[in-house]
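Trainee: So that we are looking at the same thing, I have put the structure below in structure tokens.
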Amino acid sequence: MAAAAPQGRIAYERRAWGDAFEALSAAKAAGPLEADDVERLAWSALFTGRDERSHEAFAELHQRRLEAGEPLAAARAAVWLGLRLMSLGEVARASGWLAKAQRLVEQAGGDSVERGYLMLPQVFRLTAARDHEAARAAAAEAATIGDRHGDRDLGALARNLEGRSLVRLGRISEALPLLDEAMLAVTGGQLSPLVTGLVYCSVIAACQQIYALDRAREWTAALRAWCEAQPQLMTFAGACLIHRSEILQLGGAWPEAVEEARRATTHLAPTADVEAGNAFFQEGELHRLRGQLAEAEQAYARASERGRDPQPGLALLRLAQGRVDLAAAAMKRVLLATNDPLQRMRFLPAHVEIMLAGGELGEARRAAEELVALAERFGMDMLDAPSRWPRATRAARSSRCGARRRPGSACGRPIWRRAHDCWWPGPSRRSVIGTAPRSNGRAPETSSCSWARFQMLPRARRATRPRARQRRRTHTVCRRGSSRCCASSRPERPTRSSPASSF
């Protein structure tokens with residue numbers, strides 16, 4: 001056992017976290033570890049998903065630093081333990097450890113990097129209270145402290161949080177340079193493994209939130225390479241798989257996206273990681289888009305059990321099941337309870353679809369106008385297309401859009417086509433254009449809503465339908481129970497058996 005501790009140190013330097021944990025645990029069983037080895041044991045346990053063992057090691061490290069007369073080092077151990085407990089939802093224990101750290105820093109007095117780390121929980125509290133300007137100021141101060149003391153971890157983490165606060169304030173042009181600066185430190189290998197993983201996941205989430213999709217793809221690829229270089233890493237591997245699945249979904253590679261989502265749920269299901277709920281939600285989204293409604297129902301339920309809000313996916317699932325009233329009630333309830341603008345942007349596209357399907361054109365128009373206003377506020381030009389949906393639908397349904405009108409003029413078909421062609425980000429467009437993938441596994445590229453209905457028709461009906469009649473139907477504005485063709489005044493009969501027919 002005498003060689004176990006040196007072996008653990010070597011494995012730790014190689015970032016073979018599982019080997020390091022086993023070797024250091026064996027050394028600890030044989031006798032007391034040095035304080036630095038206790039710290040290595042704490043991080044190795046955390047990176048391999050052994051949270052309780054990690055908590056025990058950090059608590060021991062805190063006590064060992066105190067006994068060695070190093071109050072600031074003891075405070076830092078308490079800060080990391082408190083932050084980890086906070087992320088796991090153990091608020092009372094987290095508060096106790098953070099209070100210990102605060103007391104030690106105040107007793108030490110003067111300027112210290114630990115004072116900057118203690119500002120991070122304050123940023124989280126202010127963000128939860130939706131005081132984003134105060135959160136931004138606190139994060140900026142923490143970044144300044146990190147720069148002054150040469151602590152790259154604190155500087156990058158705080159700069160990332162400052163960027164996230166600016167995103168919430170709608171100041172995207174100011175936020176992106178800060179996020180990019182934090183990512184430069186990450187990709188340059190300048191940060192500790194924990195901060196590297198945290199900043200990766202936070203910046204990717206921010207890029208997806210503001211539809212900076214090129215950045216999201218770039219950083220997701222970098223995160224994947226980082227995770228694959230550490231095959232024994234457990235803590236961030238699940239988040240990496242989720243992000244990769246989302247990027248593949250946006251690119252239309254659904255089979256690959258499903259595979260990554262399944263790997264994420266398999267990886268995270270046995271753990272207490274909060275990302276497990278996100279993994280089940282992503283799997284549910286993909287099942288729903290592929291028309292696997294029973295599997296989607298189960299995945300959304302498991303996401304809810306793990307603390308993830310299943311909306312708007314669950315409401316869109318109800319719509320695909322033909323239960324428009326339940327879908328509409330759910331989305332109205334969600335929007336009534338949601339005040340944060342970025343959260344509302346996540347719900348509004350689905351709300352527009354569901355209101356259109358239910359015939360509530362006024363509500364759909366108001367939601368689309370709100371979405372456009374928020375897109376303009378946050379500088380997301382590509383999200384302005386949904387505002388055209390209610391206009392297109394209203395125009396298509398007004399004046400009965402009869403055969404006397406030339407298709408593509410008063411019926412609003414060009415508006416409808418441009419809306420579908422422009423509004424690409426997010427899962428809802430894939431829902432509108434159909435759930436049946438092509439034979440190569442990729443989503444169909446079409447802007448016609450009636451394509452989904454046509455794909456779900458029985459083969460016999462599809463084969464016998466006259467070609468001219470098929471062409472006329474391609475301009476249909478889909479609405480359950482009262483759709484009208486742009487070239488014919490006859491209403492199209494709804495197809496209730498089709499998951500896509502509700503859209």
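The values are calculated or read from the model by the stated rules, or taken from the named source; none is laboratory data. Source: prediction; values computed, not measured. Cβ sites come from the backbone with ideal geometry, for glycine too, and all protein chains shown count toward neighbours. Heads up: the accessible areas ignore ligands, DNA and RNA and are worked out on the full protein's heavy atoms, side chains in. Shrake-Rupley method; radii C 1.70, N 1.55, O 1.52, S 1.80 Å.
Trainee: Among what's in the stretch 62-96 and is charged (D, E, K, R) and assigned to a helix (DSSP H, G or I), pick the residue that is farthest from Leu154 (Cα to Cα).
Mentor: Glu67
Trainee: Which residues, taken from the stretch 330-345, are among the hydrophobic types (A, V, I, L, M, F, W, C) and touching a helix residue (DSSP H, G or I) at 6+ places or on another chain (Cβ under 9 Å)?
Mentor: Scanning the stretch 330-345 gives Ala330, Met331, Val334, Leu335, Leu342, Met345.
Trainee: All but one of (1) assigned to a helix (DSSP H, G or I); (2) open to solvent by 50 Å² or more (accessible area, probe 1.4 Å) hold for Val203, so report the exception by its number.
Mentor: Looking at each condition in turn, Val203 falls short on (2).
Trainee: Looking only at the stretch 254-284, which residues are surrounded by fewer than 19 Cβ atoms within 10 Å (Cβ to Cβ) and not in a helix (DSSP H, G or I)?
Mentor: Ala269, Pro270, Thr271, Ala272, Val274
Trainee: Another question, then. Being closer than 26 Å to Leu169 by Cβ and modelled with pLDDT under 50 is the requirement here; does Ala375 meet it?
Mentor: no
Trainee: Could you tell me whether any residue of the stretch 185-200 is surrounded by fewer than 23 Cβ atoms within 10 Å (Cβ to Cβ) and among the aromatic types (Phe, Trp, Tyr)?
Mentor: no
Trainee: What's the total number of residues in the stretch 97-153 that are part of a helix (DSSP H, G or I), closer than 21 Å to Arg164 by Cα, open to solvent by less than 50 Å² (accessible area, probe 1.4 Å) and of a type in the set (A, V, I, L, M, F, W, C)?
Mentor: 13
Trainee: Could you grab me the full set of residues in the stretch 285-327 that are over 23 Å from Glu256 (Cα atoms), part of a loop (DSSP other than H, G, I, E, B) and over 16 Å from the mean Cα position of the chain (by Cα)?
Mentor: Gln321, Gly322, Arg323
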